[in-house]
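The values are calculated or read from the model by the stated rules, or taken from the named source; none is laboratory data. Note that this is a predicted model, so its numbers are computed, not measured. Counting neighbours? That spans all protein chains shown, and the Cβs are built from the backbone with ideal geometry, glycine included.
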């Protein structure tokens, strides 16, 4: 596709975006920006955004994606609680996830992703069953890491967003690809910001599977 064709496709897709979709997308970006600054309000923006997406996906009959959004809403509630401030005496500090936890998470994502992908390939008309499933379950783990303020969540999100952007490119979903390209830049900023904060506070890397 030529550059002119690509721009035309993006323009047409953006023009067809509904107000509800626009609100969900804007709040999704706000969620990432607020998370970079470790503002607790990120979970409000994220929770509302995912609740809207849940409604949109349910209307479209995309029930697995609806289920994923429901999970995001629950994690947003947990994240709001876990990130409570100094006045409660339990402020959550940025830290690294234990290597055992990372390996366990990776193994779980690969295993469940493979099983889920095989089911999608066998029982649905999914065009990319394994990549779609892998990105979904990696997102589940990355969201939990973010709720625990583990800096490693940014690495997971970079891989997930790159994979989803690639899937959008493959299927010529250019308008949908744009936010994920933006997310890649925000993820790098987020990692650098959290890393600087971790060095400033002297947080030690976690050890053990329970971290």
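What to note about this one:
- If you go through segment 143-155 and keep only what is outside any loop (DSSP other than H, G, I, E, B) and crowded, with 23+ Cβ neighbours inside 10 Å, you end up with 143, 146, 150, 153, 154.
- Every pair of residues 6+ apart whose Cβ atoms lie under 6 Å, when the first sits in segment 100-123 and is free of Cβ contacts under 8 Å to residues at least 24 places away in the same chain while the second is surrounded by fewer than 18 Cβ atoms within 10 Å (Cβ to Cβ) and not in a helix (DSSP H, G or I): 120/126
- Residue within segment 156-164 that is closer than 16 Å to residue 53 by Cβ, assigned to a helix (DSSP H, G or I), in contact with a helix residue (DSSP H, G or I) (Cβ under 7 Å, 6 or more places away or on another chain) and touching a residue at least 40 places away in the same chain (Cβ under 8 Å) present: no
- Members of segment 173-208 that are part of a loop (DSSP other than H, G, I, E, B) and either modelled with pLDDT of 90 or more or loosely packed, with under 14 Cβ neighbours inside 10 Å (or both): 202, 204, 205, 207, 208
- Residue match in segment 124-142 (condition: under 20 Å from residue 189 (Cβ atoms) and assigned to a helix (DSSP H, G or I)): yes
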